[in-house]
Structure formats: C-alpha cells, structure tokens
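Before any comments, here is the structure.
The values are calculated or read from the model by the stated rules, or taken from the named source; none is laboratory data. Values in this document were obtained by computation on a predicted structure and should not be read as measured data. Glycine also receives a Cβ, built like all others from the backbone with ideal geometry; neighbour counts cover every protein chain displayed.
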Amino acid sequence: MTNVLTVRDLCKTYIIGKRQNNVLKNANFSMSEGEMVAVMGASGSGKSTLLYTVSGMDNPTAGSVTFWGKEIAKLKKNRIADVRLTEMGFIFQQMYMLKNLTVFDNIILPAYKTKNGTRKEKNEYAKELMKKMGIIEVADNDINEVSGGQLQRACICRSIINKPKMLFADEPTGSLNKQSSTEVMDEILRVNREGTAVLLVTHDVRVAAKSDRVLYISDGNIHGENTLGKYTGESTLKERERTLNNWLLDMGW
Amino acid sequence: MKSIMFFSILRKDLKRKKSMNIILLLFITLCAMFTASSVSNLIVVTGAVEFYTEKSRLTDFFIFKSDNDTEQFEEWLSSLSYVDDFEKDIGIIVNDENFINDDYFTLMGVCALTTRPERYGFPLGDDNNPIPVLSGGEIALSRFDARRSELKIGDEITIRVGDRERTFTLTYTTKDIMYGSPYVDTKRLIISDEDYDYFMATSGEQPVLYLAYSISTAYPQTVHRELQKQGFIVQMTGDRAMIEQTLTLEMVLASLLVVIGVVLIIIAFAILRFTIVFTLQEDYREIGIMKAIGLKNSAIKNIYIVKYFAISLVAATGGTIISIPFGTMMLESVQDNMAIQSDGSMGINIICGVVIIGLVLIFCRLSSGSVDKFTAIQAIRGGSTGERFKKKRFFHLNRRKSIPTVFYMAFNSILSAAKSYTVLIITFVLGTLLIIMPLNALNTLKGDDVIYLFGVVKSDVYIVSPDTTVEADIKKAGELEQLYKENGIELELNTVLLIFPWLYTDDMDSGIQMLGLQSSVYETDMNKNYTGGTPPVLPNEIAVTNLAMDRLGVVIGDTVSVKIGTDISDYIITASMQSMNNMGISMLFSKAADIDAPHTSTMTLQGNFINRTGFETTEELIKQMTEITPDYQIKTAGQWLDQYIGSSIEIIEDMKFLVLFVVLFINGLITILLIRTFVTRERGEISLMKNIGFNNRFLKLWQIIRIIIVLFVSVTLGTLLSNPLNPVISRYTFGIMGAPQMPLNVVAFEVYFLYPMLLLFGTAAAAIFGSVAVNKIDFREINNVE
C-alpha cells in the first residue's frame, strides 16, 4: 500500500502573550492509501490542531508532514491552497456553508474553481453525489431551509466534489443526532470504500469503531494506536466498540 | 457590583472587537472632519463678499474719468449734499511701450501707475489687511495680473515714463477688489509717492492721467442719475454691486465649495448611519447572550450608548482637529484672489464636533431599537429565529455557464446584501458628479463657443494695434490687408466696434449703461449668442441680453430709447441674447446702424486667411505677420480669449484637480474602510473558503471585483445624472457671468472615459489595498460562520 500521509516529529506551539503552549509534541504516524484513521483523545489533547497542521491549514512549528510525496510545510501558500482544493477534502463539526448560496451552489463552488472538466460535467457529478447522499431534493434550497443532517451530507458532497485523495473530518457527527450521525458516517465510509483515505477526529467511540485504525493522542503526543481492520458491517460494530472501549480505558480515556 | 460588570463588558467589547471599533472610530472621524470643515467653509463663503468689501473699504460709488474738466467735476461732486466724502486717486496711464522688459508682462485694457489709496479701495496683502504704503523702488499688483504675467515676488519690472526710467521690485501681489478681477479691464500698479512724483516730473512727453473717484454716499443711484444729466466725459461708473459682480469667478468657485460641502455632509451622514446600524447588527449574538443571562434591554442599550459615546468623543475630537487643515485646503483656491475670513472659525468646527457626538448618540438610540428585537434565540441559532430567512439569492452559480466563479461570487454578494452597498453607491455617485460638473464648466470655458460670448466673431487671428482710435483701426484694416498681401499673406480683416450707450424706456432715470457691439459679420456668425427672436438687420433694430431686458422690464418687440453721447434714438428689440461682456449687460447693433465714430472704440481687428499656401499652421502665419508688423500683437482665438479668461481657466483647473483629489481621497478611504468592514463581517466565510482550498488571490479578487462593480454602476449612474444637471450648472455658473443658457461643452472622452477611468483605477487601487485584510484571516475564524 502506498503511504499517502507521513507525519514525523510534528510539533506545534502557540505563543499567547508570554505564555508558550506546546500543543503537539513530536507526533509521528502515517496513513496508507484508502485507509480510514480516527484520532481520539480528551478535550485539549491536540486532536484538532493535529488535523489542521497535517492538512496544511496551520504551519507546524517543527517536524514534517508529507502528503503524497509533497512536504506540505515547504509548499508556497497558493500551492497549499491548490492541494487543499484538489487533493484534500474537509468536513467540519459545524455545517459551515456560504449563506448567500444555495445548497447546490455551495457544493459546486470548489469544483468551479478547478480547471478539470466542464461546468456541465461538474454539475452532473454534484447531482450524482447528492443523489447518493439522498439530498438531491434540497439542491436549490437555501442553507437555512434544510436540516442539520442534510446540511452535513451536503458538506460531505462539497468535500469530495473534486475527488480528493484524502478526507479530513473534524468531529463530523459532533452536532448531529444519532440517526443523522449514522447516516453521515455511512456516507464517509462509502467515500472511504471508494478509495479516499480518511483522517477523522472524534470523541464518539461508535464513530471511531468504524475506522480501520484508531490513534490515541494525549498531551500533544500519539500515545498509542489500535488497528481494528476494515469495518465490514453493523454486525461487527458492537465487538469493535467493545475492543476499542477496553483499549481506550488502558490509554487513560 | 452592577456597574463593575457593566464596565467589564464594555472594556471587553472595546478590546475584543478591536477592528470593528477602529472602523467605527475612523468613520466617525471622517464624518466629523467632513461636517466641520464643510459647515465652517459654508459660513465663511457665505460672508466672504461682505468680508472682502469691508476689509478693502470698497467705495459706494466710483467714477473713472480722464483729466479734463476736473475742477468743475469736483465742484459738482462737492455740491451734492448726499455725497459724504470722496477720494481722488490719480494714475499715470501706461501701456506696453512703457514697460522696458515686457517680454513677460501682459497688459490689457487701461493700466495706471498709482499710489496706495488712503481711505477707499485698499489692495490687500496675504494677511487680508491693506498693504502698507510702498517705499521707493517697490511695486505691487494684483495676484490675477501677477499670475497672468507670470510674475512673482522679487521679480523686477522696469518702467519708463517720458524721459524717466526706474526699475521696481515686485514686493506685494494683492487681492485687489477694484482692479484685481479678470472682468475689469482697468488695472493698477501701486508704486510709492516718491516714484510717482519722480515720473510726474518728467521733462519729456507729459503722461496721460487717469482719475479714479471713490465716493462715499448712501445714495449711489442718485449720484449716478445726476451724473447722467451733467456733460462730464466719464469712462466708467459703478457701484458696490457692480464690483461685487466682478467677483463672479470667486463666487462660482465658492458655490462649488458649497456644493462639495453639502455633498460631503450627505456622505458623512450616510456613513454614520451605515456604521452604527452595521455595528449593532453585528452584535446580535452578544445582545442575545446578554439577554439570555438576564440583562435588561435598557442595560444593554446603555452599554452601547456609553461605548458609542466613548468612541465618538475620541473620533469627533480627531475629526475636528483634522477638519481645520482640510477646510483650509478646500478654501485655498477661493482665497487666492479674494480675502476670506478663514481664521477664528475653530468655534464652528468644535460645535460641529459636538453635534456629531450628539448625532451618533441619537442614531445609536434610534438604532438600538434593534436591541429590543434581537433575542436569545437568535444568538443561539446564529442569527435566525428558527423561521425561514427571506430568500437572498437572485441567481444560481450552476445556471451561469460562462460567468467566472469570482465574478459570480461578487455579484451574488452585492445582490444578497444590496442595502449594505448604498453608502458606497451614494459616495461614488456624488463623487462622480463632483468631478464632472466642474469638468463640464471648465471645458465650456475652454471651448470654441465661449469666444462668441465676448462679443467677437471667431476668426483665425486677432490683431491688437497700438493705436486704439476707430478711424485708425478701420483705415489700418485696409492698409494691413494690403501690407500682408504684398508679403504673401492673404487675409480679410474686419473689426467689432464698441459703444457705451444708455438704454432706457420711458424715464432716463431708470436707464442702464450698456456695452454695445457692432460687427459687420455677426448676424450669421454670432447666432450662438441669440436666445430668442431674429437678429437685428435694420438700422433701428437691436438685440439685448436677457439680463439687461429683465432689468429694464422689456421684451422682444418693445421699443427702447438709446442714448449715445448726446444723441437719443428709438430702437426695436428684435432678439434676446446672452453675452459675458460687461457682466451680461450688453447689446448688439445691426451692421446697418449708423453710429458716430467719436462714440465708438474697437476691441480688436479680426482676420480670416483667404489663402494659406506656403504655411502649414496658423502659428507659422502669425510668426510671419509679426515679422511684418512687429508693433501689433497678433493672437490666435485661444490666445485672445486667454487674456480674458485664462486666469479663470487656471483657477477652475486647480479646483478641478482639488476636487479630483478630494473625491479620490474620499472614495479611497471609504472603499478601504468598507472592504475592511465587509471582511470583518465575512471573516467566517472567508476562513471557510480558505479551509476548502480557495487562495488569497481569489478571495481578494472577490472583494475587489464587488467594489469595482459597485463603482462601475455608480460612475455610470453619476455620469448619466450629470446630463440632466448640466442646464442647472449652466444657469448657476455661466448665468452669473451673463450666459445662463450657455450650452455646456461636454467633452465625451473626458466625461465618459478619462475621468470615470481615473475614478475606477484610483478606487480599485484602494480596493486592492483594503483587500489585504483578507490575508490576515486564518483557518480558526471559520467559527465565525453564521
């Protein structure tokens, strides 16, 4: 399997006034093509900072992040933006969308920014994605006219509209109810099964249990990892959750 | 305890929302600056004429005459019971020949060497006080003449009178209410008593004297009427109103300042309202949360009122201080030729500053009604009450096949929040109008048609002969035609006669002194002057300006009496016209009218070339003609006109650049501030777009393009609006000069392209600068998405 992401001795320090806050301390891990990895840890352990530094949104203080052979920190700002646009997808805890655009326009906006394919092809692909996610009927709605679950699925559509090599998700189900959460996770799993690597941050054991591997972060460092293997269906979920819970207890969760 | 919490919230607000508070501070500063400077200038300009006439001690009535019957004249003047006092200033008449180094010294009309008056009609210095009595070797002349002759303080002027010659140093350039206007042909050069006596003692040809009587009287019109009944030969009479009329140009500029002032105040208040409403709307979340934790509406409103008071106090103080140099800069062009009370207006500025603080609080109080509307639910639901929002989108990105994404985003932002752009549109439209209006006035003054309003026909060349008698000119015309022909230049010369008749209806007492013109060619060529009726053809037909007809209460078809010298004849008014001659009080005789030569003079000889063979340009022909007749001044139409309005053009040109600078400054400042305001409001969305891979270039372009779209729409709107406003400008600017129906010369390239482009590029540059704020937004601000 090809390594899509390699993180080496990653450090991130924020300086607030005279105070220095070392959020990430020599974090190391890697991900293979098509893998789905969940990052878990207590609040303030550095999960989100890890996600944002790895995805090039934030600059590391030290260490390196190699994404498909490209060292992210060494790329120029515009190039990083291009990589994020075409090779990475992002899902956030909140369903962030541009309020003056319809659901459909929000989804196709990143696609229109790229030069691959015609607008017609992009529109067709967006419709196909929306159909798959079951939200095609709200395509022309304003973003405040749809439910949270629909909006989060629209956010997933937007994140994969440019067929990224990797999807970053920061608590993608954090603000959803149980049913919506299950539906959204099913969509993320489907994207992953279609070949897109996924790195997600979550507090939810049920969500993490669907990942191939779980990283436990504590005090800015990766303290351990648990390989659960490919998620094959609902029937195995309970067992995966139990395994994960036991491991998390060992980790000090 | 309660007050501690109150000030704690306030302190946190000021600190945390630094950028919005700074924007608020800057906008209120701008508002105070514009308002204070404009109101102060409005007051100064309104009382400017009175201040100038008082400072100069302008006389109630004046009479210019030559030195004949002087004793009898003064006896008559002294006998008038209603004349309180009079002062006689004697001047030595000089012309080009008297100036030894006259390469750069431009003369027109009558020029007199005189001493500083003792009681009336003082020339004023830079400090708006009368210049002191000059010492030997010093000379002073009006700023207008100095500028026209390209003379500056310290330059030397050598003058010869008879057999006596003296070199003077230009010591003062003055604001001369009596002689300093481009519309007054009579000029004066002030010298010392000693130098005056030196010239008068010449043993050569005795100088021709010129007497100017300044008369103090409560009844100037009675003096005028009595003078008409006497047989004295006078060259010119006038009262304060007439002199005040010569300040036309300054008043046109002052009116322009008033317009600029009013526009700036409108812009200021639009900004003020926008900023307060905008900042309050931005705070719905905080307001909702404060309500959620139990704060009452009144307590929340008090927080805002105290906050706005603190900000407006600082801003209004700053704005008031800046308003003083800003106002002075705006007044500079008017002050150049006119005494203006520009000091001591600090009080007005301070009052304006206080008014702005009051208005901010009133606006705040009125706008804080929205505090009542914002609910805790809105804060929790990110601005929504849970009900459906009104649809904001007007067109869909996916249905626009060709529009680039960044353009779509820009259009969509504008159409989704059109109200937010109102202040920008108002500023840009008014700014465009402010530039185009003086531009049209300036181009009209520079245009070909203006020459008709000065009583001459447009010709290839204008020849001013050293001899000004009519007979000489008419005789010269034939001789000159022949002389030039012999030297290979074929041209046809003619002249316009000047007559100074009295025009009246039944009663001579109600008559007015006119400037009459007679030309052999004007019936066809001067059609542009006529505003009604048919041009005079028969000997007893005349055309009279609308301004003079209004004063006399006559209309086309009426018969009026015309007194020329001692002859009185009846004439029929066949046409109305407009003219800038004699401030619009003039008339035209038909070419058939028989007017006695002793009562006429000439303005210029005018010539049209019959054959230009061998010469490529008019300038080449003029050069050749000057070599043939070196004593004659030969000018092109432009050069001839320049001696009348050249200075006006310069001043309006300066004003145009000042307005352009002010408008670009305002556009730029407001653009930068508004972009920063929008970026602050949209920081969440910008951050989101950065997160999903949009680069800074795209995001900045998005900001810039929407400003350019708004600017483009506003400039187009402003340019279109300028068209219906043209007649208004014409009426108020050229109307004062005597040509209210002057068709404005709209130079399409400048009005529709050059200046709109300057505005577009200038403001786009500010937009580019303002959009840099996008760079500072980072990925964490995504949490601000509503």
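The table for this structure:
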item	result
Scan of segment B:544-568 for residues that are surrounded by fewer than 16 Cβ atoms within 10 Å (Cβ to Cβ) and within 10 Å of B:Leu503 (Cα to Cα), ordered by number	B:Ile568
Residues (within 13 Å of chain B (Cβ to nearest Cβ) and at positive phi) located in segment A:124-156	none
Selected residue [out of contact with any Ser or Thr (no Cβ under 6 Å at 6 or more places or on another chain), more than 14 Å from every other protein chain (Cβ to nearest Cβ) and aliphatic (A, V, I, L, M)] from B:Leu673, B:Leu701, B:Leu688	B:Leu673
Residues that are of a type in the set (Ser, Thr, Tyr) and touching a helix residue (DSSP H, G or I) at 6+ places or on another chain (Cβ under 7 Å), drawn from segment A:56-96	A:Ser64, A:Tyr96
Residue tally, condition over 24 Å from B:Thr600 (Cβ atoms) and out of contact with any Gly (no Cβ under 6 Å at 6 or more places or on another chain), over segment B:555-573	3
Filter result (hydrophobic (A, V, I, L, M, F, W, C) and modelled with pLDDT of 90 or more) within segment A:107-134	A:Ile107, A:Ile108, A:Leu109, A:Ala111, A:Ala126, A:Met130
Restricting segment A:85-97 to residues that are surrounded by fewer than 23 Cβ atoms within 10 Å (Cβ to Cβ) and outside any loop (DSSP other than H, G, I, E, B), the residue that is nearest to the other protein chains (Cβ to nearest Cβ)	A:Leu85
Qualifying residue in segment A:36-46 (condition: more than 19 Å from B:Phe779 (Cα to Cα), within 14 Å of chain B (Cβ to nearest Cβ) and not aromatic (Phe, Trp, Tyr))	no
Answer from B:Ser402, B:Ser342, B:Ser384 - the residue that is modelled with pLDDT of 70 or more and in a loop (DSSP other than H, G, I, E, B)	B:Ser402
Whichever residue in segment B:685-705 is part of a helix (DSSP H, G or I) and without any contact (Cβ under 8 Å) to a residue 40 or more places away in the chain and, among such residues, is farthest from A:Asn78 (Cα to Cα)	B:Met689
Residues located in segment B:430-479, provided they are at pLDDT 75 or above, of a type in the set (Ser, Thr, Tyr) and part of a helix (DSSP H, G or I)	B:Thr432, B:Thr444
Residues located in segment B:565-607, provided they are out of contact with any His (no Cβ under 7 Å at 6 or more places or on another chain) and part of a loop (DSSP other than H, G, I, E, B)	B:Thr566, B:Gln578, B:Ser579, B:Met580, B:Ile585, B:Ser590, B:Lys591, B:Ala592, B:Ala593, B:Asp594, B:Ile595, B:Asp596
Residue in segment A:42-57 that is over 17 Å from the mean Cα position of the chain (by Cα), surrounded by 22 or more Cβ atoms within 10 Å (Cβ to Cβ) and over 27 Å from A:Glu187 (Cβ atoms) present	no
Total residues in segment A:58-84, condition within 13 Å of chain B (Cβ to nearest Cβ) and either among the polar types (S, T, N, Q) or in contact with a Pro (Cβ under 6 Å, 6 or more places away or on another chain) (or both)	2
Counted residues, segment B:680-716 - those being among the hydroxyl-bearing types (Ser, Thr, Tyr) and out of contact with any Phe, Trp or Tyr (no Cβ under 7 Å at 6 or more places or on another chain)	2
Any hit, segment A:204-218, residues being under 13 Å from the mean Cα position of the chain (by Cα), modelled with pLDDT under 90 and assigned to a loop (DSSP other than H, G, I, E, B)	no
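One line per residue, one yes/no per condition, for (1) crowded, with 20+ Cβ neighbours inside 10 Å; (2) of a type in the set (S, T, N, Q); (3) in contact (Cβ under 8 Å) with a residue 40 or more places away in the chain:
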position: B:Leu24; (1), (2), (3): yes, no, yes
position: B:Arg57; (1), (2), (3): no, no, yes
position: B:Ser81; (1), (2), (3): no, yes, no
position: B:Glu87; (1), (2), (3): no, no, yes
